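Just so it is clear, none of the values below were taken in a lab; they were calculated from the coordinates. This is a predicted model, so every value here is computed, not measured. Don't worry about glycine lacking a Cβ; one is built from the backbone with ideal geometry, like all the others, and counts go over all protein chains shown.
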Amino acid sequence: MQVPDYLAKHARQFPAKTALVDLHTGRRVSYAQLNERASRFAEFMRERWHIQPGDRVAVLAHSSSDYVEMLYGCGKLGAVMICLNWRLSVDEHKGVLTDAAPAALVWGEEFNVTGIALADAFALTNRMVTGVPRPGVAGYESALAEMSGATVEMPWREHNDVWYLLYTAGSTGTPKGVPQTWGMNVTNTLNNTIHAGLRREDVMLSVLPYFHTGGLNLYMNCLLMLGATTLIMRQFDVDKTMELLETEATVMFGVPAIYLFLSQHRRFASADFSRVRAWGAGGAPVPKVLLEQYLAKGVTICFGFGMTETGPTVFLTDEDTARKKVGTVGKPVMFVEAKVVDSQTRQQLGPNQRGEMLLRGPAITPAYWNNPQATAKSYADGWLCTGDIVYFDDDGDFYVVDRSKDMYISGGENVYPAEVENVLFQIEGVAEAAVIGVHDAKWGEVGKAIVALKPGAELTDEEIVAYCKQKLASFKAPKVVQFVPALARNAAGKVDKPTLRKLFGDPS
């Protein structure tokens, strides 16, 4: 597969159409402007910084139209953009940059302290800031203004040519670099266009951070390839999201936490979401009670599944399946093949048998960045070994049970926390809940529920345990309850199980 500079093509075909709306600054960027500004950034990197194809350019900034310009500017030049997670510490960033070895660093003015510390630590003279310029640091707007404005048109890229680097959240250890290729981007766009019904007339509300595959590829990059419009939210704002879902957006994708926060908004019951025709969710299991809450409003959230390594979309239900089978992720999308195997024997399993999911297809990253050991561990005979425990029913629809690393064994029985968490969410007064395994002298391990209550709600641990025992086998019900104001979440909005284990699990 070869990929053209579709941004340049759009700029010629419909130059005045709005590509991006930056909700933080109010800037509206047409396709002609986006192509020109991306070209100016590419020209600056080439002429002033002497960046060559394959060199890495790290970016530490909130989601914005500038961010998208830099992403596509890197693409035009053939540089590899490193999308840095702004929630990491300086030391964590140092680990990422040591691995990625950038030739330049760009940061948003809100990250001046971190940006300067990192540029100094890696002796990077190629440094730039968006917003107010600083001494010795190029200003983004002034840099663009210095350039000619002539289109830098990207030569056609091959399928495995790397466009940008994302780093995994690191929940299982040191973060791994996951190359995102041009072929992965096209395949993901095809998958989401087919299964989510994306089209050029759409207006997408983009609320997930752009250092994450969900922010870039669900569905911002897809809509730019289609020539549609994306509303970029700097950081998730529940009030603004509610407003835009009623007035402008036609497409919405969020992680479960976002849908949870929206459902708890004071205006949720009366909100009119009729203009939004496509709702998607992924990133973590969505409690059935939450999906049913939206169904009661006439909103069908099509739940999906994906990974940074898979571009990301692997599953995305159609509306009919989402309504009839609440909780399923459906069947694999067009350009993905999936199978379920026994985690120990690696034998392929049939319907209703739980095992590890393996994936293959053109949207899957070819290898981890500079990490042959991780690649060898995660790939087997062309299949990506996901570590996710799943099963499929007699109709071929898949259900994600849990991450294999989150499972614990109580009295010889496997317990999958997501199953218990679904029950916890059914309890009136529970706002958030997560379950971890902790040591028990009798059973080996038992469940510990970490629970955040809704404002004004009152529940005891005895009431929570009793309710779970009514709905679950006794060994699955949590034995201990820990009440907290709110659950720790990682940068993708997922419940941060490693942090919860560190705070509330067994002493190390």
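Stretching the chain fully between Phe268 and Asp91 yields a gain of 59.7 nm (0.36 nm per residue, less the alpha carbon separation). FRET efficiency for the Ala452 to Arg275 pair, using the beta carbon distance and R₀ = 35 Å, is estimated at 0.65. All other residues whose Cβ lies under 15 angstrom from that of Ile116 are scored, Lys and Arg at +1 and Asp and Glu at -1, for a net of 0. Summing charges over neighbours of Thr181, with a neighbour being any other residue whose Cβ is under 14 Å away from its Cβ, gives -2 when K and R count +1 and D and E count -1. Stokes-Einstein diffusion of the chain at 10 °C, 1.306 mPa s viscosity, Kirkwood radius from Cα pairs, rounded to a whole number: 67 µm²/s.
Available extension along the chain between Gln348 and Arg199 is 49.9 nm, counting 0.36 nm per residue and deducting the alpha carbon span. Evaluated at q = 0.22 Å⁻¹, a Debye calculation over the C-alpha positions of region 407-504 (equal weights, vacuum) places log10 I(q)/I(0) at -1.16. Region 412-461 and region 12-83 have Cα centres lying 45 Å from one another.
Between Asp506 and Arg48, the simple label model (points 7 Å from Cα in the Cβ direction) yields a spacing of 5.5 nm. The percentage of C-alpha pairs in region 2-180 whose separation is greater than 24 Å is 35%.
Of all beta bridges that DSSP places with both ends in the chain, some 55 percent have antiparallel geometry. I want the antiparallel fraction of DSSP beta bridges within region 2-180, as a percent rounded to 5. Within region 2-180, antiparallel bridges account for around 40 percent of the total.
What FRET efficiency, computed as 1/(1 + (r/R0)^6) with R0 = 51 Å and r the Cβ-Cβ distance, is obtained for Thr460 and Gln373, rounded to the nearest 0.05? So, using R0 = 51 Å, E works out to roughly 0.60.
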